[in-house]
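The values are calculated or read from the model by the stated rules, or taken from the named source; none is laboratory data. The model shown is predicted, which means the values in this text are computed figures rather than measured ones. Cβ placement follows ideal geometry from the backbone for every residue including glycine, while neighbour counts extend to all protein chains displayed. Calculation scope for accessible area: heavy atoms of the full protein, side chains included, ligands and nucleic acids excluded. Shrake-Rupley method; radii C 1.70, N 1.55, O 1.52, S 1.80 Å.
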Amino acid sequence: MSDDFENASPMMQHYLATKKEYPDCILFYRLGDFYEMFFEDAQIVSRELELTLTGKNCGMKERAPMCGVPFHAVDNFLNRLVSKGYKVAICEQLEDPATAKGIVKRDVVRVVTPGTNTNVSAMDAKDNSFIMCVSCSDEFYGVSVCDVTTGELYVFECEGEREFTDQLSKFMPKEIICNPAFEVSHVNVNDIRSRLGISFFVLDPHFFDTTSAKKLIMEHFKVKSLDGLGLHDYTEGVVSLGALFRYLYETQKNELSNIISITPYSTRGYMLMDSFAIRNLELTETLREKQKKGSLLWVLDHTKTAMGGRKLKKLIEQPLISVNEINKRLDAVTALNENVYARDEIREYLSGVYDLERLMCRVCFSSANPRDMIALKESVKVIPAIRNCLKDLSSELITSLYESIDPLEDVFSLIDNAIVEEPPLIQKSGGIIKPGYSKEADELREKHINGKQYLADMEEKEREKTGIKNLKIKFSKVFGYSFEVTNSYLDLVPDYFIRKQTLTGGERFITEELSALADSIMNAEEKLNSLEYELFDEIRRRTADQMERIGKTARALAFLDVLASFSYVCERNDYVRPVIADDGIINIKDGRHPVVEKMTGHESFVKNDLILDNNENTISIITGPNMAGKSTYMRQTALIVLMASIGCFVPASEAHICIVDRIFTRVGASDDLSSGQSTFMVEMTEVANILRNATPKSLLVLDEIGRGTSTFDGLSIAWAVVEYINEHLNGAKTLFATHYHELTELEGKLKGVANYCFAVREKGDEVVFLRKVIKGSADKSYGIHVASLAGVPEEVVVRAEELLTKLTSGDIISGIKRIAMDEETKQAYEPEKVAEPEEYHQFSFFDNFVPSKVEEALREIDINNISPIEALNKLNELKAML
């Protein structure tokens, strides 16, 4: 290979040297109007993007495999590669090939990775594009998370795999970088890669040096101590943050000037929701289709800006636990409700605001084009009008937002005075700067424009002078300006015309006068385009210098957008302001599920009340048929509590909501095949997590605990779980839906347990689910009726009803025996007789035997009115009788 390297062309030698510096990246190497890939990179890109693989002679023994993409369409190809988890290094030409002496100077200007791609076409405008850095030490995780496109930066620490996984589900980064210790921690790295689709890269240990991490952070934020950044207590978090900055500097190759602040994130400041709760409650996407439509976010998101959409998603995933802070948001929504005209004006103005955060990222990275600057100007233009709408709204939070919103009139004036209204997309093609902004540009522009007129005058003068009626001055990139004469007039060409080019139908000539004028015009145009680019770059830099002001304004506008969206949704959907207190009481009148009522229609949704307190209604045992609405009722309670905690009005006629520190859910069942866990194992894992981490201030939503195993095992577990919650989590508000009707006996035996059920109306064979919660317990599950509704064949349904009748008439053993002795069943199921020793006879329900004392004792048991404890005692008696 070394011999090959020495024999390679100078260009290929430079390519190989550059590739050696970026061995883990696909190298996009700029050659003229294309980015070319060679060798293994070319084979990968050809396969992944379905491009033609060719070859290039470059002085080596064999032709180098090669493929390429045009530079003007590179973003599309780049996005596709990065979305597949590849890193791409962009090697650009740093000088004009026309003026370069020798090989054109090239270097890598940035490295694009899944978490650092700043191309907005590759992402959802209302979603963040996070990169996460993890420093792991003895199952303690320091984590920093950044969205390079918006400048957001968070640092936090967590202990144990479970807490880390919960935080991971909130941020859902595109890319994780980590120290080697994280790869061998208890976190399932393969699951992160495969199931979550997150790109994963292990960095060299030198990235995680504590001393250099602190130095890098202080240098970036221009501070002398980490205390001023709020990082004093984040030892492992600082290490991860330093590694993240080093990685971003190496990939982005700029000063990251859009990252101007850091948010030390403490889980103690927000309501905690684990990954199961976020998924089961369908907060931001549906459980099955992974779609926004059908989620709580879909109902609440009527924001007008991309910034507002991202802010709303954060609020939903981070509910508050402070009465004062929640009421500040509710007061702001109330103020907007009381002045609908101002609210609607604000929303109208916000609809004209572009994504300021991502625009400023491109401005700071010097990648903003002239049209981006006009978008920024148009956004800034409406800010004074928005501030004016806020003046008369009486709310502490809105007043704070008003003070945070900078009119940015100087930024507007800078761009408005300098850049034309409809500039070209390409920065170096001229036509960007307004007349009057630069005297030098005006002079060059006048010379360029007048030069065209001079050419027209010269053309007319020479036409009259020579008598060549169709004489024209033409321009070509190769020969510049020249006179074009057709063959029929060549005999009239004067002596001072100098032949330049022969054409099929004529010839081209130049004169000394034309050459001098052409040089003047060409120089003026070239100088003007160059000057305009310099002026544009200066305007962009001056705008970037205002990043702190613009960033603060963008964040305030995003929050205002969310509050205005809350107000609009509350008015449109008939929501009510909840009373927030820290008294342990959740009392909801006429509650509704915000998503289900949106999907089915407000009028058709059946409203239900709910009471959970610290006395007689701490744990609600909810029974009722399948499809009666138990799961919807429990989920709607959790969603109403969450909506109140983010400062939004709620779907009810009245609501008193206490502070809840955590929401836990155990809803639905599914096998986790990827980790080899069965339905029941997944269920028990979730239950264990709830019982170990819930507190007396938590809200627990438990749906059919124990259904994944045998009846008596499941009943025993469900019973024990209720007892544990009652004894050890005294005060934890619990909704416990079950088909184990035996659990209803706990009412009256355990303080705080209350029975509720869903009403059903029976009329002959017809069953109507009223979907109304009432006090008491259900006595039937109506499973066969649900099977019929689901389309199970009628023959199966009829047979199931026959079997149910026999099973429920008397005790279960006699019921089974009656089924077995049925003649048709006997013929279908009776096993072939097998000779047996006299001293041993296998017990069978099909034999005619004399009832034993055990059977007689079983016959006397009323199975519908026996508790699990009494059943166990009875079982001991029967065993003793045997």
Given segment 234-344, what helices (runs of 4 or more DSSP H) lie entirely inside it while holding 1 or more residues that are at pLDDT 95 or above?
235-252, 296-300, 306-317, 323-338
Any idea which of 408, 425 is among the hydrophobic types (A, V, I, L, M, F, W, C) and either open to solvent by less than 80 Å² (accessible area, probe 1.4 Å) or in contact with a Cys (Cβ under 7 Å, 6 or more places away or on another chain) (or both)?
408
Scan segment 6-30 for residues that are in contact with a strand residue (DSSP E or B) (Cβ under 9 Å, 6 or more places away or on another chain), open to solvent by 40 Å² or more (accessible area, probe 1.4 Å) and not in a loop (DSSP other than H, G, I, E, B) and jot them down.
14, 19, 21
Answer yes or no: is there a residue in segment 93-111 that is charged (D, E, K, R) and more than 29 Å from residue 10 (Cβ to Cβ).
no
Can you say whether residue 480 is open to solvent by less than 80 Å² (accessible area, probe 1.4 Å), at positive phi and within 54 Å of the chain's Cα centre (by Cα), as far as the supplied structure shows?
yes
Out of segment 650-709, which residues are in a strand (DSSP E or B) and either of a type in the set (Phe, Trp, Tyr) or at pLDDT below 85 (or both)?
664, 672, 677
Could you say whether any residue in segment 569-583 is in contact with an Asp or Glu (Cβ under 8 Å, 6 or more places away or on another chain), farther than 20 Å from residue 281 by Cβ, at pLDDT 95 or above and open to solvent by less than 50 Å² (accessible area, probe 1.4 Å)?
yes
Within segment 410-456, restricting to residues that are part of a loop (DSSP other than H, G, I, E, B) and among the hydrophobic types (A, V, I, L, M, F, W, C), the one that is farthest from residue 373 (Cα to Cα) is 426
When segment 191-214 is examined, which residues are found to be open to solvent by 20 Å² or more (accessible area, probe 1.4 Å), out of contact with any helix residue (DSSP H, G or I) (no Cβ under 7 Å at 6 or more places or on another chain), in a helix (DSSP H, G or I) and within 19 Å of residue 167 (Cβ to Cβ)?
193
If I ask for residues that are surrounded by fewer than 20 Cβ atoms within 10 Å (Cβ to Cβ), in a helix (DSSP H, G or I) and not β-branched (Val, Ile, Thr), which ones from segment 391-405 would you list?
396, 400, 402, 403, 404
Could you check segment 352-388 and list, in sequence order, the residues that are open to solvent by 10 Å² or more (accessible area, probe 1.4 Å), over 14 Å from residue 125 (Cβ atoms) and touching a Gly at 6+ places or on another chain (Cβ under 9 Å)?
364, 378, 381, 382
List the pairs whose first member sits in segment 786-798 and is under 24 Å from residue 629 (Cα atoms), whose second member is loosely packed, with under 13 Cβ neighbours inside 10 Å, and whose Cβ atoms are under 9 Å apart, counting only residues at least 6 apart or on separate chains?
787/796; 788/794
Show the residue pairs that are 6+ apart or on different chains and have beta-carbon atoms under 7 Å apart, the first residue being within segment 407-424 and closer than 17 Å to residue 385 by Cα, the second being open to solvent by 10 Å² or more (accessible area, probe 1.4 Å) and not in a helix (DSSP H, G or I).
411/546
Is it the case that residue 194 is touching a strand residue (DSSP E or B) at 6+ places or on another chain (Cβ under 6 Å) and among the small types (Gly, Ala, Ser)?
no
Somewhere in segment 110-126, is a residue surrounded by 21 or more Cβ atoms within 10 Å (Cβ to Cβ), over 30 Å from residue 151 (Cα atoms) and modelled with pLDDT of 90 or more?
no
Are there any pairs, at least 6 apart or on different chains, whose C-beta atoms fall under 9 Å, with the first in segment 760-783 and open to solvent by 90 Å² or more (accessible area, probe 1.4 Å) and the second among the hydroxyl-bearing types (Ser, Thr, Tyr) and at pLDDT 75 or above, and if so, which?
771/632; 771/633; 775/756; 779/623
For segment 489-498, which positions are within 14 Å of residue 471 (Cα to Cα) and either part of a strand (DSSP E or B) or out of contact with any helix residue (DSSP H, G or I) (no Cβ under 9 Å at 6 or more places or on another chain) (or both)?
490, 491
Would you mind finding the one in 100, 73 that is within 28 Å of the chain's Cα centre (by Cα), at pLDDT below 90, open to solvent by less than 80 Å² (accessible area, probe 1.4 Å) and closer than 26 Å to residue 253 by Cα?
73
